[in-house]
Amino acid sequence: METNRLSSKIEKILNQQITKEADAAQIYLSYGAWADDQGFAGVANFLFRHSQEERDHMNKVMSYIMERGGRVKISAIEAPSSDPKNLQDCFERIFQHEVDNTNAIYEIVSLAQEEKDWATWNFGQWFVKEQIEEETLVLDLIDKLKIAGGPKATSESLYFFDSQLAQKEDEADLARDASAERP
Ligand code: FEO
């Protein structure tokens with residue numbers, strides 16, 4: 001009796017998403033380590049927390065595959081790319097990662113729709129909403145950095161930016177809890 005409720009294509013694309021989320025977690029870890037080394041403790045803490053959020057996303061996809069009787073396959077992830085040049089570059093790269101991830105989520109939802117796999121389509125909607133929140137969050141930080149002067153920002157304005165991110169702790173924590181709790 002066939003107990004796997006996922007098609008082979010859906011199972012494959014969901015397993016690819018596990019790797020993408022793990023990859024994002026690794027990238028945020030690496031940027032967090034870079035930020036800490038540059039003296040931006042608030043940014044580092046924010047990125048470490050965000051890395052954990054990506055791990056939560058990874059676990060969420062894993063759980064879904066298993067719930068549907070599919071087979072989880074863990075793949076290798078690549079080493080993160082070079083360190084950012086500055087904070088502006090750091091958050092612009094993060095924004096690009098999030099946009100790439102949004103496109104990957106759209107691929108899942110599109111395939112689910114094509115196959116009339118409404119369970120996976122419905123599962124994917126949580127990520128569609130999450131990606132809007134993540135892109136908005138990063139865009140907001142890029143805007144703040146632009147106001148601070150972008151790549152030419154003074155030490156004082158970057159210190160202020162970093163302090164503000166340090167105070168964002170609870171917000172990031174709540175977002176992470178929410179991603180673990182939301183269906
Ligand atoms: Fe898992 Fe930043 O999206």
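Each value in this text was obtained by applying a stated rule to the coordinates, not by laboratory testing. Remember, predicted model here, so these are calculated numbers, not experimental data. Please note: Cβ atoms are built from the backbone with ideal geometry, for glycine as well, and neighbour counts cover all protein chains shown.
Which whole-number percent is the relative contact order of segment 1-67 (Cα, under 8 Å, 6+ apart)?
Relative contact order comes out at 41 percent.
Ordered by packing density, taken as the mean number of other Cβ atoms within 10 Å over each peptide's residues, highest first, how do 88-97, 135-144, 52-61 rank?
52-61, 88-97, 135-144
What Rg and what Dmax come out for segment 90-130 when only alpha-carbon atoms are used, in angstroms?
Radius of gyration, then largest Cα-Cα span, for segment 90-130: 11.8, 39 Å.
Using only the alpha carbons of the chain, what is the convex hull's orientation-averaged projected area in square nanometres? Mind dumping the intermediate values first?
Details: hull surface 41.5 nm².
Mean shadow area of the hull around the Cα atoms is 10.4 nm².
Go ahead and estimate [θ] at 222 nm for the chain from helices alone: -39,500 (n - 2.57) per DSSP H run with n ≥ 4, summed, over the residue count, rounded to 500.
-27000 deg cm²/dmol
Using Cα pairs under 8 angstrom and six or more residues apart, how large is the relative contact order of segment 8-171, in percent?
Averaging sequence separation for qualifying contacts and normalising by length gives 28 percent for segment 8-171.
When we measure straight from the Cα of K12, which lysines land under 26 angstrom away, once same-chain ones fewer than 8 places off are left out?
K20, K60, K73, K116, K129
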